[in-house]
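Undergrad: Dropping the structure in here first, questions after.
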Amino acid sequence: MTPNSRTLRNTTITALLAAVGVMSAAAGQDALSAARAKVDRYRSLAKTAASPAAMLAPGGAQPDRGDLLDALAVFQKEGLDRSNDTALLHEYAELLELLGYYDLAGETHERRAVLAPENAAVWAAAGRAWAQAGAHGLERALNALQKALDLSPDNGEAWFWLGHLRHREGLYDAAREAYARALEKSPRLPRAVIGMAALDLRAGDILKASQALDALGQAAQPHDVETRTLLRKALYDYESARGFFADEAPLHAAYARLLYRAGRLPDAALAAKHASEMNPADADTLNFLGAVLLQMGSVEQAAQAYEKSLAARPNQPSVEQALTQLRGTGK
């Protein structure tokens, strides 16, 4: 073989190997793009499924956990779990959190923190993941959150998760302080509002707790399960301590809403009924009572509550429509 032919052969082989490498990289990017599309689809469907409209009219497309597992396999095949790129590690950790693999997510965020030790948001993310990993993640969560706050005392998310952990431990004063700091930095942080409302209820500040949750509106919707759990415990503590409040209609109405959010529908109906008897002109509480009774299957009593509401405030088209439908279903 002549030197020229050997050179030509080597050049050809090099070119072929480069082409294969380019094709492999392109295939990897295509696989990642498809995996990311699955994660985006899951997030979109999960958000839609949690909306009030979807809950009133179930039957729509539901998020498929299989999409996340498929994406996880691709991410691992393409080496995101072994990457030294903080953005790719962040993407991988977020997927682990969506799957509920909080300990693995915590470890991944900690790897990000090694690469970016001065980034408070990275430490806060590690704290968030470990806080959801159960009791065994407590110490690592606290350490990560403290590092986040040392770097950025104004990090509202870190303050919330610190409050969440203290609340879970039963350290209520410390939890209140942390929630207050979170809300000082991020006044509309839903889970901090919910946590503080639970503490207010536990302390007997019924009206404040109920109004705070009402003010959240639909922002509270994704956190219904957590709200129910926290309020049930707060109500148990409050009632076990023989807590009482003034016999006033607004307080009974507020208490009814808290009982409803805690999933105690019969108790909520009783409290709302008492409030409406004390103030028959309160159409809002009568409507609330009607809705609770309807959920309990008490159609006739719900219709009566709506009739009283219309007597107190005649111009309510939606209530009129609901009443017409109830009367149409029969007693």
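The values are calculated or read from the model by the stated rules, or taken from the named source; none is laboratory data. Computed from a predicted model, the values in this text were never measured in an experiment. We place every Cβ from the backbone using ideal geometry, glycine too, and count neighbours over all the protein chains shown.
Undergrad: Being within 20 Å of the chain's Cα centre (by Cα) and either surrounded by 17 or more Cβ atoms within 10 Å (Cβ to Cβ) or not in a loop (DSSP other than H, G, I, E, B) (or both) narrows it down to one residue among L72, L142, L88, L68; which is it?
TA: None of the other options fit; the residue is L68.
Undergrad: Please indicate, with yes or no, whether at least one residue in segment 5-17 is over 21 Å from the mean Cα position of the chain (by Cα), exposed (fewer than 10 other Cβ atoms within 10 Å of the Cβ) and at pLDDT below 95.
TA: The answer is yes, given that some residue of segment 5-17 is over 21 Å from the mean Cα position of the chain (by Cα), exposed (fewer than 10 other Cβ atoms within 10 Å of the Cβ) and at pLDDT below 95.
Undergrad: If G263 satisfies all but one of (1) modelled with pLDDT of 95 or more; (2) over 34 Å from the mean Cα position of the chain (by Cα); (3) outside any helix (DSSP H, G or I), what's the number of the condition it fails?
TA: The single condition G263 does not satisfy is (2).
Conditions (1) in contact (Cβ under 8 Å) with a residue 24 or more places away in the chain; (2) touching a Leu at 6+ places or on another chain (Cβ under 7 Å), marked per residue:
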| site | (1), (2) |
| --- | --- |
| H109 | yes, no |
| A113 | yes, no |
| N119 | yes, no |
| V122 | yes, no |
| A129 | yes, no |
| L138 | yes, yes |
| L145 | no, yes |
| H164 | yes, no |
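Undergrad: Just give me the residues in segment 180-210 being within 15 Å of R128 (Cβ to Cβ), out of contact with any Leu (no Cβ under 7 Å at 6 or more places or on another chain) and buried (at least 21 other Cβ atoms within 10 Å of the Cβ), in sequence order.
TA: R191
Undergrad: I'd like the residue in segment 218-258 that is farther than 15 Å from G195 by Cα, small (G, A, S) and surrounded by fewer than 21 Cβ atoms within 10 Å (Cβ to Cβ) and, out of all such residues, is modelled with the highest pLDDT.
TA: A249
Undergrad: Could you list all residues from segment 232-260 that are of a type in the set (S, T, Y) and under 27 Å from the mean Cα position of the chain (by Cα)?
TA: Y236, Y238, Y255, Y260 - these are the residues of segment 232-260 that are of a type in the set (S, T, Y) and under 27 Å from the mean Cα position of the chain (by Cα).
Undergrad: I've got another one for you. Is segment 264-281 home to any residue that is surrounded by 14 or more Cβ atoms within 10 Å (Cβ to Cβ) and polar (S, T, N, Q)?
TA: Yes.
Undergrad: Let me ask another. Assigned by TED's automatic domain parsing to the domain that holds Q76, buried (at least 22 other Cβ atoms within 10 Å of the Cβ), assigned to a helix (DSSP H, G or I) and in contact with a Gly (Cβ under 9 Å, 6 or more places away or on another chain): is that true of A126 in this structure?
TA: Answer is yes for this residue.
Undergrad: Further, regarding this structure: Name the one entry in A120, A135 that is at pLDDT below 95, of a type outside the set (F, W, Y) and surrounded by fewer than 24 Cβ atoms within 10 Å (Cβ to Cβ).
TA: Going through A120, A135 in turn, the sole match is A135.
Undergrad: List the pairs whose first member sits in segment 241-264 and is of a type in the set (D, E, K, R), whose second member is buried (at least 22 other Cβ atoms within 10 Å of the Cβ), and whose Cβ atoms are under 6 Å apart, counting only residues at least 6 apart or on separate chains?
TA: R257/S210; R261/T227; R261/L231
Undergrad: Here is a follow-up. Residues that are of a type in the set (S, T, Y): list the helices (runs of 4 or more DSSP H) wholly contained in segment 163-231 that include at least 2 such residues.
TA: 172-185
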